[in-house]
Amino acid sequence: MHRRRFIALVGGAIALPCVAAAQQRALPVIGFLSSTTPGPFAPFIAALRQGLSQTGYVEGQNLSFEYRWAEDHYDRLPGLAADLVGRKIDLIVTGSMPSALAAKEATSTIPIVFETGIDPVEAGLVASFARPGGNLTGVCMLTAALMPKRLELLSELVPQANAIGLLVNPTPSTAAQMISDVQEAARAKGLQLAILTASTEIEIDAAFAELVRLHAGGLAVIPDPFFVSRREQLVALASHHAVPVIYPLREFVASGGLISYAASITAAFRLLGTYAGRVLKGEKPGDLPVQQPTTFELVVNLKTAKELGLTVPPAILARVDEVIE
């Protein structure tokens, strides 16, 4: 009798950890893969969580995250993606085109929900916007496609400028195409375009020094996660060198930058969260159309314009969506 009770107790003690492990693993796990650093992306992660909560998922309650940050070293992305896949997570969320490409290379079965500013069809991520196919879908902000419009706005702000700088991170495979597109737009406007490359903090400093040496009348920043993570540095250098700069996101202007024209990245990450939640509930990513923004924000910082000695033309003020003073 006692022997049977002992065996039952021992068996139960062994089974309990197994049951606990099974229950723990039943909690969905999202892998978040980013090419940059966590600090500057905190507001966007908060928006991602908000989107997930709208579908009933709350981190720490019925969902967990595995975060992987490449710390602006894009060559680390394939290894980080492979690590997430090896942990057999339920879904991967990516915050840039380089991280999306790394995730796609790492798995053809785990669902991937991406945010990117570059056409995902041209980049080979999905078959089409309407029917992505495969294991990927997401949100495309089309920030790269807006570069000609940004050049136009910068020309309105500094009409006397004949030469404009273009700041590019040369590391992503998509950099060459973006440069080509902006060069074509600059030629159409009769502008000389100076290509300045930077993939480190020191190279950003050097790019601004070169911009000043060239006597360029302004600068346009190509959309890239590295530049988003270094927005405080970029804004400070623009102020120090008195350079009018147009940026790819509102967040730069909120940090003291001059002007931006873009869709809301916060709204994009919130939508990313709702898509991730829908996939966790059983929808196939290949059946969910890639979402695109329908509105774009023109944001101007009048205080910065005054410090630069610029008068914002009435034509721009009439179109502006937000004025920061």
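Taking springs between alpha-carbon atoms closer than 10 angstrom, which of THR137, THR274, THR200 fluctuates most in the Gaussian network model of the chain?
THR200
Where Lys and Arg each count +1 and Asp and Glu each count -1, what net charge lies around VAL126 among other residues with Cβ under 14 Å from its Cβ?
Surrounding charge for VAL126 is -1.
In nanometres, what is the gap between the two model label sites at LYS88 and GLU210, each 7 Å from Cα along Cα-to-Cβ?
Simple spin-label model gives 4.9 nm for this pair.
Would you please give the residues with an amide H less than 5 Å from that of PHE32, counting only those at least 5 places away or on a separate chain, with H modeled from the backbone geometry?
So PHE32 has HN proximity to GLU66, TYR67, ARG68, VAL93.
Would you kindly calculate the mean projected area, averaged across all directions, of the convex hull enclosing the Cα atoms of the chain, in square nanometres?
In nm², the orientation-averaged hull projection of the chain is 19.5.
Please report the antiparallel percentage of the DSSP beta bridges confined to the chain, to the nearest 5.
Of those bridges, close to 10 percent are antiparallel.
By the gyration tensor of its Cα atoms, with a ≥ b ≥ c the square roots of the eigenvalues, what is the shape of the range 185-232: rounded for a/c under 1.5, prolate for a/b over b/c, or oblate?
It comes out oblate by the Cα gyration axes.
Past the 27 Å Cα-Cα mark, which pairs from LYS104/LYS149; LYS149/LYS306; LYS104/LYS281?
LYS104/LYS149
Can you list the aspartates and glutamates whose alpha carbon sits under 19 Å from that of LYS88, skipping same-chain ones fewer than 8 residues off?
The qualifying aspartates and glutamates are GLU59, GLU66, GLU105, GLU283.
Per residue of the range 132-147, in order, report the coupling 6.51 cos²θ - 1.76 cosθ + 1.60 (Karplus, θ = phi - 60°) as ³J(HN,Hα) in whole Hz, putting x for Gly and Pro.
Karplus values, whole Hz, x for Gly and Pro: x, x, x, 10, 10, 7, x, 10, 10, 7, 6, 5, 5, 5, 8, 4.
Using a Gaussian network model on the chain with a 10 Å cutoff between Cα atoms, which of GLY51, GLY273, GLY39 fluctuates the most?
Most flexible of the set in this elastic network: GLY39.
Report the net charge of residues surrounding GLY217, where surrounding means a beta-carbon distance below 15 angstrom and charges are Lys +1, Arg +1, Asp -1, Glu -1.
0
Once you wrap a convex hull around the alpha carbon atoms of the range 190-299, what is its projected area averaged over all directions, in nm²?
For the range 190-299, the mean projected area of the Cα convex hull comes to 8.9 nm².
If the elastic network links every pair of Cα atoms under 10 Å, which of LEU167, LEU249, LEU237 fluctuates the most in the Gaussian network model of the chain?
LEU237
Whose amide H sits under 5 Å from the amide H of ASN169, counting only residues 5 or more places off or on another chain, with H placed in the peptide plane?
Result for ASN169 returns ALA198.
Under 17 Å from the Cα of LYS303, which aspartates and glutamates turn up, not counting those fewer than eight places away in the same chain?
Reachable aspartates and glutamates: GLU232, GLU251, ASP321, GLU322, GLU325.
Let me have the 222 nm mean residue ellipticity of the chain computed from DSSP H runs of 4+ only, each contributing -39500 (n - 2.57), with the sum over all residues rounded to the nearest 500.
Roughly -13000 deg cm²/dmol at 222 nm, from the helical runs in the chain.
If one computes the Cα centroid of the range 302-325 and of the range 117-131, what distance in Å separates the two points?
If we compute the Cα centre of each part, the gap is 35 Å.
Is the shape of the range 101-220 best called rounded, prolate or oblate, per the rule: a/c under 1.5 gives rounded, else a/b larger than b/c gives prolate, else oblate, with a ≥ b ≥ c the square roots of the Cα gyration tensor eigenvalues?
prolate
With a sphere of radius 9 Å drawn around the Cβ of ARG230, what net charge do the other residues whose Cβ falls strictly inside it have (Lys, Arg +1; Asp, Glu -1)?
-2
A short reminder: the numbers here are calculations on the coordinates, not readings from a lab. Nothing here was measured: the structure is a model prediction, and the numbers come from that model. So basically every Cβ, Gly included, is an ideal-geometry build from the backbone, and we count neighbours across all protein chains shown.
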